[in-house]
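Colleague: The structure's right below; bear with me while I get my questions together.
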Amino acid sequence: MVDGVTEYGELYIGGTLVAPSGAEVIEVISPHTEEVIGRVPHAARADVDRAVAAARRAFDEGPWPRMSIEERIEVCTRIKDGIAARADEIARVISSENGSPYSWSILAQAFGPVMIWDSAIAIARDFRFEQYRSGVLSPILVRREPAGVVAAVVPWNVPQFVAAAKLAPALLAGCTVVLKPSPETPLDSYILAEIATEAGLPEGVLSILPADREVSEYLVGHPGIDKISFTGSVGAGKRIMEVASRNLTRVTLELGGKSAAILLADADIDAAVANLMGASYMNNGQACVALTRVLAPRSRYDEIADKMAAAVSGLVVGDPLDGATQVGPLVAKRQQQRNLDYIRIGQDEGAKVLTGGGVPAAQPRGWYVEPTLLGSVDNRMRVAREEIFGPVVCLLPYDDEADAIRIANDSEYGLSGSVWAGDPVHGVDVARQVRTGTFSVNSFSLDFNGPFGGFKNSGLGREFGPEGMSGFLEDKTINLPQGYPVPEGN
């Protein structure tokens, strides 16, 4: 660290810090102070070639894919423990990079990854990588083999959370990985590199390359890549599919969301509103799973609008490293402007600002936007259809339950959602009718033992659970001869 600026001069390629091939540097800007807080090398195409070559050798010739699952679990457990031991440091670094409030960051940015690693390890321990079956003519052996070299591209909003969602199952499956962090949040990735090295990850298994979109495209289009796992925008996801199609590279895409929270007429409104403050404004609204469309019955619309506006106006805005802060700055000036533009667009379309709507007077510096609630929103408005990615939530009225379900499904996205009902059994009936990958009843949660991913434009494939492990495996059938001694219990 020099004068309060964290500087790294090397890239982590194949498990070793090495000099970058070029001289370009990424400057990390604090969204709170607008000052430089870090510098790292910007990976170039030549660095991608080196990293992919190292991963290819490690996969084709190295020990990692050939280790027993128990041996891989031992190394991954040390990685998990290393993250837990440095949780406070990780949370503070990420909050400094992207503005995530520390009170949320310590849970989601630090201990969230620990939980993901823990869940993946438990799943791997019980996962059936080989299974004997009765074939039509003779016994068959079905194997689940590692997919190969993985390009894992992670976003800036929850960098270690998403890195864990990709790295844990990929490594446990026996893959090797080139991880590409966002240029907004590269500093925390160096902590991960240190942890991976200390855990004893073999040479070549992991590389970390901070870079921009151009280099990312070169990485996902590289012929040495067998599998791409990407989290980010719909536009970038579509471009990745185009590039990946040249090599028929397998892809998993976790993309955007415009998720609905349906408040039924018999719901406990006070409990729902209290929970929606976290579910809708988490991470300053910079979360793909955030519940950004709140659907209220017309019979209780005014009551819900008043209660939500009061709760939103009470959210504490400020320095992300202050433990009392609930909403911090957005990651970049472009995101601040994007949110302000959408608030204006919503008003032009007829929406009403119930609270917020501008830049906080107490925050003249930094990329802040007031927590905002837009009322009188129609689902045809742009603010109800497009992902804003900030602390801006829309409140929409509905006529009856069928209308609420129709509005919830009337979206190009299908990532998350919730229903709030007096009768939770009836709430589950509603949940079954909403086309979205993850849904909660009288709560908002993400369970790492179940599959996570989206319908429609929210993505392809799943993360977490056995389904997430399967995304990094290829299925292989071995036809066995008649009379082959199939082991007992198979």
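Colleague: Diagonalise the Cα gyration tensor of the stretch 138-214 and give the resulting equivalent ellipsoid semi-axes, square root of 5 times each eigenvalue, largest first, whole Å. Don't skip to the answer; put the middle values down first.
Modeller: On the way: eigenvalues 146, 41, 22 Å².
Sorted largest first and rounded, they come to 27, 14, 10 Å.
Colleague: Right, something else. Can you work out the PRE-style zone for residue 131? Point 7 Å along Cα to Cβ, and I want the residues of the stretch 454-471 with backbone N under 17 Å.
Modeller: Counting backbone N atoms under 17 Å from the label point, the list is 465-471.
Colleague: Turning to a different aspect of this structure: Return the Rg/Rh value of the stretch 1-57, two decimal places, where both radii are evaluated on C-alpha atoms and Rh is the Kirkwood radius. Each step should come with its number before you reach the end.
Modeller: Details: Rg = 13.5 Å, Rh = 12.5 Å.
That ratio equals 1.08.
Colleague: Within the set of other residues whose C-beta is less than 12 Å from the C-beta of residue 269, count the net charge using Lys and Arg as +1 and Asp and Glu as -1.
Modeller: Working: positive: 300, 307; negative: 266, 268, 270, 302, 303, 306.
Here the count lands on -4.
Colleague: Sticking with this one: When the expected Rg is taken as 2.2 N^0.38 Å, what fraction or multiple of it is the alpha-carbon Rg of the chain? It would help to have the intermediate numbers written out before the result.
Modeller: Values: Rg = 23.3 Å, N = 490, 2.2 N^0.38 = 23.2 Å.
In units of the globular-protein estimate, the chain measures up at 1.01.
Colleague: Let me ask something else about it. Using 7 Å Cα-to-Cβ label points, what is the residue 138/residue 70 separation (nm, one decimal)?
Modeller: 3.2 nm
Colleague: I've got another one for you. Taking θ as phi - 60°, what are the ³J(HN,Hα) couplings along the stretch 62-79 by the Karplus curve (6.51, -1.76, 1.60), each to the nearest whole Hz, with x for Gly and Pro?
Modeller: Listing the rounded values in order: x, x, 4, x, 9, 5, 6, 4, 5, 5, 5, 4, 4, 5, 5, 5, 5, 5 Hz.
Colleague: Continuing with this model, one more query. For the chain, what is the calculated [θ] at 222 nm in deg cm²/dmol (nearest 500), taking -39500 (n - 2.57) for each run of four or more DSSP H residues and dividing by its residue count? Provide the component values of the computation, followed by the final result.
Modeller: On the way: 16 runs with 182 residues, N = 490.
That calculation yields -11500 deg cm²/dmol at 222 nm.
Colleague: So, one more: Please compute the length gained on full extension between residue 488 and residue 81, using 0.36 nm multiplied by the number of residues separating them and subtracting their Cα-Cα distance.
Modeller: 142.9 nm
Colleague: Search the structure for amide H atoms under 5 Å from the amide H of residue 292, placed 1.01 Å from N in the peptide plane, and list their residues when 5 or more places away or on another chain.
Modeller: For residue 292, whose amide H was placed from the backbone, the distant partners under 5 Å are 259.
Colleague: Using a Förster distance of 22 angstrom, determine the FRET efficiency expected from the C-beta separation of residue 203 and residue 477, and round it to 0.05. The partial results should precede the final answer.
Modeller: Details: r = 32 Å, r/R0 = 1.48.
For residue 203 and residue 477, the calculated efficiency is 0.10.
Colleague: Assuming R0 = 41 Å, what is the FRET efficiency of residue 380 and residue 34, from their Cβ-Cβ distance, to the nearest 0.05?
Modeller: Working: r = 37 Å, r/R0 = 0.90.
With R0 = 41 Å, the Cβ-Cβ based efficiency is 0.65.
Colleague: For the stretch 259-441, what are Rg and Dmax over the alpha carbons, in angstrom?
Modeller: 15.5, 48
Colleague: If you don't mind, there's one more thing I want to ask. Beyond 16 Å, what share of the Cα-Cα pairs of the stretch 20-96 remains, rounded to the nearest whole percent?
Modeller: Numbers: 2083 of 2926 pairs.
Value for the stretch 20-96: 71 percent of Cα pairs lie more than 16 Å apart.
Colleague: What translational diffusion coefficient, in µm²/s and rounded to a whole number, does the Stokes-Einstein relation yield for the stretch 265-349 at 25 °C and a viscosity of 0.890 mPa s, taking the hydrodynamic radius as the Kirkwood radius over Cα pairs? Provide the component values of the computation, followed by the final result.
Modeller: Details: Rh = 14.4 Å.
For the chosen part, D equals 170 µm²/s.
Colleague: Over the chain, calculate the relative contact order: mean separation of alpha carbon pairs under 8 Å at least 6 apart, over the residue count, as a percent. Intermediate results must be reported in sequence, preceding the final value.
Modeller: Values: 1143 pairs, mean separation 90.1, N = 490.
Relative contact order here is 18 percent.
Colleague: Roughly what % antiparallel, to the nearest 5, for the DSSP beta bridges in the stretch 259-441?
Modeller: On the way: 3 of 22 bridges.
Once the DSSP bridges in the stretch 259-441 are tallied, antiparallel ones form about 15 percent.
Colleague: Can you compute the FRET efficiency between residue 27 and residue 345 using 1/(1 + (r/R0)^6), with r the Cβ-Cβ distance and R0 = 41 Å? Round to the nearest 0.05. Provide the component values of the computation, followed by the final result.
Modeller: On the way: r = 31 Å, r/R0 = 0.76.
Efficiency computed from Cβ-Cβ geometry: 0.85.
Colleague: Continuing with the same structure: So for the stretch 32-145, Kirkwood radius off the Cα pairs, Stokes-Einstein at 4 °C and 1.567 mPa s: how many µm² s⁻¹? Can you show the working numbers first?
Modeller: Working: Rh = 18.1 Å.
The Stokes-Einstein estimate is 72 µm²/s.
Colleague: Moving on. Students often get this wrong: which residues of the stretch 255-293 have the backbone nitrogen under 18 Å from the point 7 angstrom along Cα-to-C-beta of residue 412?
Modeller: Under cut-off, by backbone N: 255-260, 288-289, 292-293.
Colleague: Which percent of Cα pairs goes in each bin when the distances of the stretch 302-365 are cut into 5 angstrom slices starting at zero?
Modeller: 3, 15, 21, 24, 22, 11, 4, 1
Colleague: Oh, and also: Two decimals is fine: what's Rg over Rh for the stretch 201-264, C-alpha atoms, Kirkwood radius as Rh? Each step should come with its number before you reach the end.
Modeller: Working: Rg = 15.1 Å, Rh = 13.5 Å.
Ratio value, two decimals: 1.12.
Colleague: 5 Å is the cut-off here: which amide hydrogens, built 1.01 Å from N in the peptide plane, fall below it relative to residue 474, excluding neighbours closer than 5 in sequence?
Modeller: 145, 147
Colleague: Follow-up. Amide H neighbours of residue 359 under 5 Å, at least 5 residues apart or on other chains, H built in the peptide plane: list them.
Modeller: It is 370, by chain and number.
Colleague: Can you tell me the order of 200-206, 116-122 when each peptide is scored by its average per-residue count of other Cβ atoms within 10 angstrom, highest first?
Modeller: Working: 200-206: 20.4, 116-122: 22.4.
In descending order of packing, they fall as 116-122, 200-206.
Each reported figure results from applying straightforward, stated rules to the coordinates on display, with no laboratory input. What you see is a predicted model; the values in this text were computed from it and never measured. When we count neighbours, we look across all protein chains shown, and the Cβ atoms used for this are built from the backbone with ideal geometry, even at glycine.
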